[in-house]
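The values are calculated or read from the model by the stated rules, or taken from the named source; none is laboratory data. The structure presented is a predicted model; accordingly, all values stated were derived computationally and were not measured. Reconstructed Cβ throughout: ideal geometry from the backbone, glycine too, with neighbour counts over all protein chains shown. The area values use the complete protein model at the heavy-atom level, side chains included, leaving out ligands, DNA and RNA. Shrake-Rupley method; radii C 1.70, N 1.55, O 1.52, S 1.80 Å.
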Amino acid sequence: MRAMNYNELSGKSILLLGKTRALNAEEFDTLLKLHKIERAEHCNHDVALIIEGRMMNPYEQEELAHLYETQQIPIVELSTIEEWLCRSIEPNRLLMSLKLSRNQERLVDFLQNPYISDTLFFKLLKLYDWQNEGLFDNDMNRDVTASIIGRFYEDLDRNHNVQYAMSGLAHLIERYGNADLIDAIADISPISRELKNPSDRSLTGILDAMALHSDTSEPILRLLMSGRAKLLAHREPLGLENELLMLGDEEVNTILSQNRTLSKEGADVLEASHPHLIASNTVLCDTRFDRLIGKYASYLASNPSLSPAMQQRLFESKDGNVLDVLASNPIIQREILDRLFESGRFSMQLAKNSALSQENIKILFLRGESEVLSALAANVSTPIEILYQLSLDQRFERRVKTNPAFGKYIQTHNIGWS
């Protein structure tokens, strides 16, 4: 059966059994008329399409069952034609109509409509009057807040309650936030008011999520600066780095020194006061490495930006503390890891290292040392067959269960796990 071309219904009639869903009855009929489609009250020879709506009464259900049996007229679900009708909405005309009428109930109906575009949704959201009340302080505000979460929260079926929880918008930003969505949320009056004059502790989670999200725009970050400088210092990539450094706050500087997206210039500023943290975290250049290796070699050994030449210099130092840290760094070259393994001195650290070869992981497993086995149970590179064996031991069962590689394998192979 070929797909229905609704444009072919122009000049014809349709019969809706039951009620509409995304559109109210008036909007539904108005959009039908734009396409020169009439809605019939009863089934007759002029009807070219039957629509299976929601909340059918017993008479309509009986009529639908009869129509299915005869199969003389095409029958479609309501959602397919509502989606088609909504694509024909002229955004500017709708926006102008809503501005002039100030019909908030009609506006809320459209905000709850899943078939309008995100662009139109954001424009409509700007028109909503929150009446100087909070996100859930009245029924309409609650419905609009729920519509924001419901539209963008991708796995809503697994977490229905998130739509009606104060933390819902914070979770939405954390998991599915993007620049447009965060801007839109920041612009709604309960949030906009809080950004400028913080007073409502129930909105703390939403503002915290904005402060940490990588897509939050600079104007919003500036509004968050006064109360959330520490959170802003955690962001990757960093925003407002210069402004944060200018605060001269010790806690903020400590966090910045551990931020792997700190600029070279920022690292230069903080190296004098936090050399060990800069050695461990900043993207290294040869000049900085040479400057720090004398006193901070063990911190450098944990840095994820070590070049092969830097790794070799640290390995050749023969310093036990340095080699111990080097053995757990997953960016270290296989040749160096193999030589550390051959020394027999760094089994615990090597067992944690996801870059260790499968062969050497198996050797460590066969040695049976409890602490080493515990580290292997959490290592994402440990072979699945070894993880299975470790999972049978109560000492390591929990670590295996929380190992992302094992969890992915279980899901991929559709294996139950109690």
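Matching residues to (1) loosely packed, with under 15 Cβ neighbours inside 10 Å; (2) over 16 Å from the mean Cα position of the chain (by Cα):
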site	(1), (2)
126	yes, yes
130	no, yes
133	yes, yes
139	yes, yes
160	yes, yes
166	no, yes
182	no, no
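Name the residues in segment 391-411 that are open to solvent by less than 70 Å² (accessible area, probe 1.4 Å) and touching a residue at least 24 places away in the same chain (Cβ under 8 Å), would you?
Selection gives 403, 405, 409.
So which of 270, 292 ends up being at pLDDT 95 or above, of a type in the set (A, V, I, L, M, F, W, C) and more than 30 Å from residue 335 (Cα to Cα)?
Residue meeting the stated conditions: 270.
Do any residues in segment 136-164 that are more than 17 Å from residue 104 (Cβ to Cβ) have Cβ atoms under 8 Å from those of residues that are in a helix (DSSP H, G or I) and of a type in the set (Phe, Trp, Tyr), where the two are at least six apart or on different chains, and which pairs are they?
151/121; 152/176; 153/176; 154/176
Can you report the number of residues in segment 353-366 which are assigned to a helix (DSSP H, G or I) and crowded, with 17+ Cβ neighbours inside 10 Å?
Number of matching residues: 4.
Of all helices (runs of 4 or more DSSP H) completely enclosed by segment 259-331, which ones contain at least 1 residues that are farther than 21 Å from residue 239 by Cα and open to solvent by 20 Å² or more (accessible area, probe 1.4 Å)?
Answer list for segment 259-331: 275-281, 286-300, 308-316, 320-326.
What's the total number of residues in segment 226-258 that are open to solvent by less than 30 Å² (accessible area, probe 1.4 Å) and over 22 Å from residue 283 (Cβ atoms)?
1
To keep it simple, each residue is scored yes or no on (1) touching a strand residue (DSSP E or B) at 6+ places or on another chain (Cβ under 8 Å); (2) open to solvent by less than 30 Å² (accessible area, probe 1.4 Å).
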{"residue": "45", "(1), (2)": "no, no"}
{"residue": "49", "(1), (2)": "yes, yes"}
{"residue": "56", "(1), (2)": "yes, no"}
{"residue": "72", "(1), (2)": "no, no"}
{"residue": "80", "(1), (2)": "no, no"}
{"residue": "89", "(1), (2)": "no, yes"}
{"residue": "105", "(1), (2)": "no, no"}
{"residue": "117", "(1), (2)": "no, no"}
